[in-house]
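Everything below concerns the one structure shown next.
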Amino acid sequence: MLDVNSNPPDALVLVQGDEELLAARAITAAVDSAREADPGADVREYEAGALSAGEVAEMLSPSLFGGRRVLVVRSGQDARKDLITALVAYAKNPDPDVSLIVSHLGGAKGKALADGFRAAGATVVPVAKLKGDRERIAFVRDEFRRHGGRCDEAAASALLASVGNDLREIAAACSQLLADTDGRVTEAVVARYYKGRAEVSGFTVADAAMIGDVPGALEALRWALHVGVDPVPIADAIADGVRTVARVASAGRGNPYQLASSLGMPAWKIQRAQERSRGWTPEGLVDAMQAAAACNAAVKGGGEDRGYALEQAVFAVAAARQGGVRR
C-alpha cells in the first residue's frame with residue numbers, strides 16, 4: 001500500500017487519508033524514491049494553508065542549477081482556492097525533474113485538489129484509518145513481516161488488546177518486540193511482555209463473563225477500573241463478546257477456517273467463540289444481548305455510576321448463560 005518507489009520517481013504523488021502514521025510513511029517513501037534517483041535532491045516541505053499560489057509557482061519553476069527538486073505540500077485540504085488552481089494546473093504538465101508530493105485528509109474540504117491530481121494521473125497512495133480488528137491485525141502481522149519477524153493472528157490480537165488501537169503505539173510495540181525477541185512472536189510472548197496491561201482489558205472481563213466466571217470477571221473489572229481503564233471500551237468488549245458468540249453459534253459447528261470468510265472474522269476468533277458458545281442457549285444469548293445493550297446505554301449515556309452498570313452487566317450475562325428465559 002505504501003510502495004510508491006519507481007524509476008524514475010513519480011512526478012506527482014497524492015497521499016490521501018487520515019491515518020497519520022501511514023501518511024508519514026508514504027511521504028517518506030516518496031521522498032526516498034526521489035533521493036535514490038538524485039542523492040543531492042533539494043527537498044522542501046510546506047503546509048498548504050501557509051502557501052500562496054505565487055510562492056508555489058516559483059518553487060515549481062525550472063531550476064537554473066539543474067538537479068531534482070522535491071516539494072512536499074502537507075494538509076492539502078487547507079489550500080486556498082488560488083493555490084488549488086495553481087497546483088492542479090501544474091499537475092496537468094509537471095516538470096519531470098520535480099517530485100510534487102501532496103497530502104490530503106480526504107473528504108469534501110479541498111476536494112478539487114485531490115480530484116485534479118487524480119485526473120492528472122498522479123500516483124495515489126491511500127492512507128485511511130484502519131477499520132476493525134481484521135485490518136489492524138493485518139497491519140500488526142505486516143509490521144513483523146516487513147522486518148523479518150513472524151506473528152500469528154492470536155498474538156496480533158493480544159498485542160492490540162494490550163496497547164490499544166493507536167497505530168503509532170502499535171508500530172512502536174511491534175518494533176520493541178522485534179528488538180527483544182528472536183522475531184517469532186506468539187500470544188504467550190505478548191502476554192509475558194505486556195503482563196498487567198492485557199490482564200485488565202475489557203476483553204478479559206468479557207471472556208470471563210461469557211464462560212460464567214463471575215468472580216474472575218468482577219476481579220478483572222474492578223482492577224481495570226482501579227488502574228484507569230475507560231468504562232466505554234469495557235462495555236464495547238462485553239457487547240462484542242456476546243455478538244461474536246451469537247454469530248458463531250448461529251453458523252453451526254463448522255470448520256473455523258471455512259467459516260472465516262462468510263462470518264468476516266479471523267479463524268482463531270471463531271474457534272474461541274465456538275469454545276465459549278458451549279452452555280449457551282439461543283434464549284440465553286438474546287437475554288445477554290439485551291443486558292449488553294442496556295450496559296452500553298448506561299455507560300455511554302453518562303450514567304451516574306458506570307462501574308455499577310458494568311458489574312450488573314457481568315451478573316446479567318453470566319445469569320443468561322446459566323439458562324436464559326426459555327420462550
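Things to note:
- A viscosity of 1.306 mPa s and a temperature of 10 °C, combined with the Kirkwood radius over C-alpha pairs in the Stokes-Einstein formula, give the range 172-264 a diffusion coefficient of 104 µm²/s.
- Within straight-line reach of Lys269, meaning a Cα separation under 18 Å, sit the following lysines at least 8 residues removed in sequence or on another chain: Lys131.
- The loop-placed trypsin sites (Lys or Arg not before Pro) in the range 128-209, going by DSSP, that have at most 12 neighbouring Cβ atoms within 10 Å of their Cβ come out as Lys131, Lys195.
- Applying a DSSP loop filter and a limit of 15 other Cβ atoms within 10 Å to the trypsin sites (Lys or Arg not before Pro) in the range 71-112 leaves Arg80, Lys92, Lys109.
- Restricting the GluC sites (Glu not before Pro) of the range 114-184 to loop positions (DSSP other than H, G, I, E, B) with no more than 10 neighbouring Cβ atoms within 10 Å leaves nothing.
- Kirkwood-Stokes translational diffusion coefficient of the range 198-321, alpha-carbon pairs, 10 °C, 1.306 mPa s, µm²/s: 110
- Selected from Ala239, Leu21, Leu100, residue furthest toward positive end of dipole (the chain; charges at beta carbon): Ala239
- For a label point 7 Å along the Cα-to-beta-carbon line of Thr28, residues of the range 134-155 with backbone N under 19 Å: 139-149
- In the range 132-193, the convex hull through the Cα atoms has an average projected area of 3.4 nm², a quarter of its surface area.
- When the range 132-193 is described by a simple charge dipole with +1 on each Lys and Arg Cβ and -1 on each Asp and Glu Cβ, the residue from His147, Leu177, Val163 located farthest towards its positive end is His147.
- For a straight C-alpha distance cut-off of 18 angstrom, the lysines reachable from Lys109 (same-chain residues fewer than eight places away being disregarded) are Lys81, Lys129.
- Rg of the Cα atoms in the chain, relative to 2.2 N^0.38 Å, amounts to 1.27.
- Each Cα pair under 8 Å and six or more residues apart adds its separation to the average, and for the range 214-327 the resulting relative contact order is 35 percent.
- Take every pair of alpha-carbon atoms less than 8 Å apart whose residues are at least six positions apart; their mean separation over the length of the range 135-267 yields a relative contact order of 19 percent.
- Size of electric dipole in the range 12-126: Cβ of Lys, Arg +1 and of Asp, Glu -1, about Cα centre, debye, nearest 20: 300
- Summarising the amide proton neighbourhood of Val43: residues at separation of 5 or more, or on other chains, whose placed amide H is nearer than 5 Å comprise Val70.
- Summing charges over neighbours of Gly264, with a neighbour being any other residue whose Cβ is under 13 Å away from its Cβ, gives +3 when K and R count +1 and D and E count -1.
- Taking the Cα centre of the range 125-254 as origin and assigning +1 to Lys and Arg Cβ atoms and -1 to Asp and Glu Cβ atoms, the resulting dipole is close to 340 debye.
Since every read-out is calculated from the coordinates, none of them should be taken as a lab result. Keep in mind that this is a model prediction, so the values were computed, not measured. Virtual Cβ from ideal backbone geometry, glycine too; neighbours counted across all protein chains shown.
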